[in-house]
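Report on the structure given below.
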Amino acid sequence: MVELGQITPPVGFNLFVLQGLTGESIGRVALAAAPFFALMCLAALIISIWPTIVLWLPTVLSG
């Protein structure tokens, strides 16, 4: 969730860092980050619907 906030305009701190490094416009940087934003939203949705996905490995390792 923190990373989602850091790549979401207008606060998107990471977008401004990338803009400074590349010299591209903020719109272009935000557009390039959009697929990653969508994937993180999808992952958050999947984890919200099926939380056992996240809890499976600790359950298996604990015995």
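A short reminder: the numbers here are calculations on the coordinates, not readings from a lab. Source: prediction; values computed, not measured. All Cβ positions, even for glycine, are placed from backbone atoms using ideal geometry, and neighbour counts span all protein chains on display.
Taking 7 Å steps out from each Cα toward its Cβ at Ser48 and Phe16 produces label points 2.7 nm apart. Residues within the reach of a label modelled at Ala32 (point 7 angstrom out along Cα to beta-carbon, backbone nitrogen below 15 Å), restricted to the range 1-15, are 7, 14-15.
Just from its helices, what would the mean residue ellipticity at 222 nm be for the chain, if runs of 4 or more DSSP H residues each count -39500 (n - 2.57) and the sum is divided by every residue, rounded to the nearest 500 deg cm²/dmol?
-25000 deg cm²/dmol
By the count of neighbouring beta-carbon atoms within 10 Å, fewest first, Glu24, Glu3 end up ordered Glu3, Glu24. Computed from Cα atoms, the angle from the helix 52-62 axis to the main principal axis of the chain rounds to 50 degrees.
Starting at 0 and stepping by 5 Å, how many percent of the alpha carbon pairs of the chain end up in each bin? Histogram of Cα-Cα distances, whole percents per bin: 4, 17, 20, 16, 12, 10, 9, 7, 4, 1, 0.
For the chain, the longest principal axis of the Cα atoms and the long axis of helix 26-49 meet at an angle of about 10 degrees.
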